[in-house]
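Report on one structure; see the data block that follows.
FYI, it's all coordinate maths here, none of it is from the lab. These numbers come from a predicted model, not from an experiment. Note that we place each Cβ from the backbone using ideal geometry, even for glycine, and neighbour counts take in every protein chain shown.
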Amino acid sequence: MRLTLALSMIALLAVTMTIQAQSRSTNPVATIKQIQEAMISPSSDTIFNVGRAAPASDEEWLVVRNAAVILAEAGNLLMLEGRAKDTEQWMDLAGELVAAGNDALVAAESQDVAAVLDSGNRIAAACEACHQPYRDGGRAMGPKTVPDQPQR
């Protein structure tokens, strides 16, 4: 009888804790720009730099792996209510960042340089696809071009 009562109390406690955890909401703190500057840019740079110098040790591969984790999870952060610009294109593009970051994660865990570089191309494409409509007003990524100045 006591065992049944104890198990019932544990089950009730577990259900109560689950309900409380589910009833909490997220509270986004960082802006999209802050996520870009603190997480996405540095993490994508780490992945892109594998093309310049491949990781030579487990510790260096861990840095690449961690960058991929941050990049993938940054995509999830962009989808939170309060940050998502819309429920269609923004969510698809942020989801592509998650998928590309996950590709980089799998590649880094396998210590596969070619796969990391392939995932870097997918990351760059995801960034470009999002920046054009949302950040750059349709302009392609890269430096702004200055119109030719008339000769005096």
Counted neighbours (other Cβ, 10 Å), sorted fewest up, put L93, L71 in the order L93, L71
Dipole-positive endmost among A100, G82, F48 within region 29-134 (Cβ charges, Cα centre):
G82
Which distance in nm do the two modelled labels at D136 and D58 give, with both placed 7 Å along the Cα-to-Cβ direction?
4.1
Pop out the Kirkwood hydrodynamic radius of region 29-134 from its pairwise C-alpha distances, inverse of mean 1/r, in Å to one decimal.
13.6
